[in-house]
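To keep things clear, I will list the structure first and then write my remarks on it.
The values are calculated or read from the model by the stated rules, or taken from the named source; none is laboratory data. Remember, it's a predicted structure, so these values are computed and weren't measured experimentally. Heads up, the Cβs are rebuilt from the backbone with ideal geometry, glycines too, and the neighbour counts pull from every protein chain shown.
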Amino acid sequence: MDEQTDRGFWDDAEVISIYTRGQALEDGVLVDVSEVAREAGIKFPVAVTRAVWSNYVEVPEDVVAQDEIGRLWDILWMLRCQIRRSQGETLHFQLYVRNHNRERLTRQDLVTLKAICGPGDDAEPVVTIMLPDED
């Protein structure tokens, strides 16, 4: 092996910027929901993106008989159920979310979310729940 092969391809690369999970949590880009996730039986730290929080955890003004903890529980419980049936680092799962005051839920209320299990800032396993088009 020559000297170039022995070194990693990126060893001499200059790091332009790093945005850590911790910074994303501090900035509010991610919302830590690990405590409730543990109650739902998920062992790893879990965060949701601000878009998931705003669209599916926060309760719209005209929706009655709902609260944030209940909506968050539904998301985490459905994730836990899907984790038991899946393998791999990325999975998609669905649940119904009431974002209106209609009497019954319809197919329009069926939401698809994506969860990724990957390394945290210290290479520990962490889970991030996001919209399907987020990364």
Legend entry - Those residues of the range 59-78 which are assigned to a helix (DSSP H, G or I), free of Cβ contacts under 8 Å to residues at least 40 places away in the same chain and of a type outside the set (D, E, K, R), in sequence order: Ile69, Gly70, Leu72, Trp73, Trp77, Met78
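Residues checked against (1) in contact with a Gly (Cβ under 6 Å, 6 or more places away or on another chain); (2) outside any loop (DSSP other than H, G, I, E, B); (3) of a type outside the set (Lys, Arg):
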site: Arg80; (1), (2), (3): yes, yes, no
site: Gln94; (1), (2), (3): no, yes, yes
site: Gln108; (1), (2), (3): no, yes, yes
site: Thr112; (1), (2), (3): no, yes, yes
site: Asp122; (1), (2), (3): no, no, yes
Inset, instruction - Considering only residues that are hydrophobic (A, V, I, L, M, F, W, C) and surrounded by 17 or more Cβ atoms within 10 Å (Cβ to Cβ), look in the range 93-116 and name the one that is modelled with the lowest pLDDT. - result: Val97
Inset, instruction - Could you please let me know if Val52 is closer than 24 Å to Asp121 by Cβ, more than 11 Å from the chain's Cα centre (by Cα) and β-branched (Val, Ile, Thr)? - result: no
Legend entry - Count of residues meeting criterion [polar (S, T, N, Q), over 12 Å from Val126 (Cβ atoms) and more than 11 Å from the chain's Cα centre (by Cα)] in the range 11-49: 2
Legend entry - Conditions (1) of a type in the set (S, T, N, Q); (2) more than 22 Å from Gly22 (Cα to Cα); (3) not in a helix (DSSP H, G or I); number of the one not met by Asn55: (3)
